[in-house]
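The values are calculated or read from the model by the stated rules, or taken from the named source; none is laboratory data. This is a predicted model, so every value here is computed, not measured. Glycine gets a Cβ as well: all are built from the backbone with ideal geometry, and neighbour counts include every protein chain shown.
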Amino acid sequence: MGITRKHFSLCPMKKISLLALFLLSVSLMNAQQKISFDLGVIRQTLHEVNGLNISSFYHFSEKLAGGIEVNRFFPVTSHADADMNTSAWDIDINFHYNLPLGHHLYVYPISGISHTAEKEVSKLPMGEAVTERFWSVNAGAGLLWQRGHWGFHTEYLYTWGHINQQFVLAGMNYELELGHHKSHKKHTGE
């Protein structure tokens, strides 16, 4: 019994997954060996809800970074129903692509996905609590000023999903180098 080509055929999704895994491993080998930690304030503009953003990004290259963001939106009384408090948690996986604008200044498009857990709690005695969970797709843009290890950034993000939302974020970040980089200095003969 011989092995035919039919035994090695892969479905299109498996081919895409293998290609993505290959590209990820190649970019990790050539990675910048940096990770950044961010802290910021975030506002959901449609419902005027404020929160805190904590995130960490791995820098795949000088321009491409991907990371996990956690947003905590603090309880607020709904304008539509004064007897309800609304709060939320968001967990995002976002990617940034830094494009230089000038000395230490970058603009970056943002894309990714997020999972939200929104909780409404009644203020009335023996009132109910309802938690709604949903996925969204993120897209937006940011502006970054990076000098050395420290940076400051501001972002606008729009999400499409169960509820379409808009966010504005401002924060600061700190970059850490994970590995040693080889220096490419020219010898001057001194």
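The condition of being in contact with a strand residue (DSSP E or B) (Cβ under 9 Å, 6 or more places away or on another chain), farther than 16 Å from Tyr97 by Cα, modelled with pLDDT under 90 and outside any strand (DSSP E or B) does not hold for Leu21. Sub-7 Å Cβ pairs linking a first residue in the range 150-167 that is without any contact (Cβ under 8 Å) to a residue 24 or more places away in the chain to a second residue that is among the hydrophobic types (A, V, I, L, M, F, W, C), at least 6 apart or interchain, are Phe152/Trp145; Phe152/Met172; Thr154/Leu143; Thr154/Leu169; Thr154/Ala170; Tyr156/Ala141; Tyr156/Val168; Tyr158/Ala139, ordered by first then second residue.
Can you tell me which residues in the range 125-157 are among the aromatic types (Phe, Trp, Tyr) and surrounded by fewer than 16 Cβ atoms within 10 Å (Cβ to Cβ)? The answer is Phe134, Trp135, Trp150, Phe152, Tyr156.
Here's the yes/no breakdown for (1) closer than 22 Å to Leu176 by Cα; (2) touching a residue at least 40 places away in the same chain (Cβ under 8 Å); (3) of a type in the set (Gly, Ala, Ser):
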site: Asp38; (1), (2), (3): yes, yes, no
site: Ser61; (1), (2), (3): yes, no, yes
site: Phe95; (1), (2), (3): yes, no, no
site: Pro100; (1), (2), (3): yes, no, no
site: Val121; (1), (2), (3): no, yes, no
site: Pro125; (1), (2), (3): no, no, no
site: Ala129; (1), (2), (3): no, no, yes
site: Glu132; (1), (2), (3): no, no, no
site: Ala139; (1), (2), (3): no, no, yes
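Each residue in the range 27-44 was checked for being at pLDDT 95 or above, surrounded by fewer than 17 Cβ atoms within 10 Å (Cβ to Cβ) and among the aliphatic types (A, V, I, L, M), and 2 pass.
Candidates in the range 45-80 are the residues that are among the hydroxyl-bearing types (Ser, Thr, Tyr) and under 18 Å from Val130 (Cα atoms); of these, the one that is modelled with the lowest pLDDT is Ser78. The residue of the range 71-92 that is nearest to Ala141 (Cα to Cα), among those that are among the hydrophobic types (A, V, I, L, M, F, W, C) and exposed (fewer than 14 other Cβ atoms within 10 Å of the Cβ), is Ile91.
Results for (1) in a strand (DSSP E or B); (2) in contact with a Gly (Cβ under 8 Å, 6 or more places away or on another chain), shown as yes or no for each residue.
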{"position": "Ile35", "(1), (2)": "yes, no"}
{"position": "Leu39", "(1), (2)": "yes, yes"}
{"position": "Leu46", "(1), (2)": "no, no"}
{"position": "Asn50", "(1), (2)": "yes, no"}
{"position": "Asn53", "(1), (2)": "yes, yes"}
{"position": "Phe57", "(1), (2)": "yes, yes"}
{"position": "Ser61", "(1), (2)": "no, no"}
{"position": "Phe74", "(1), (2)": "yes, yes"}
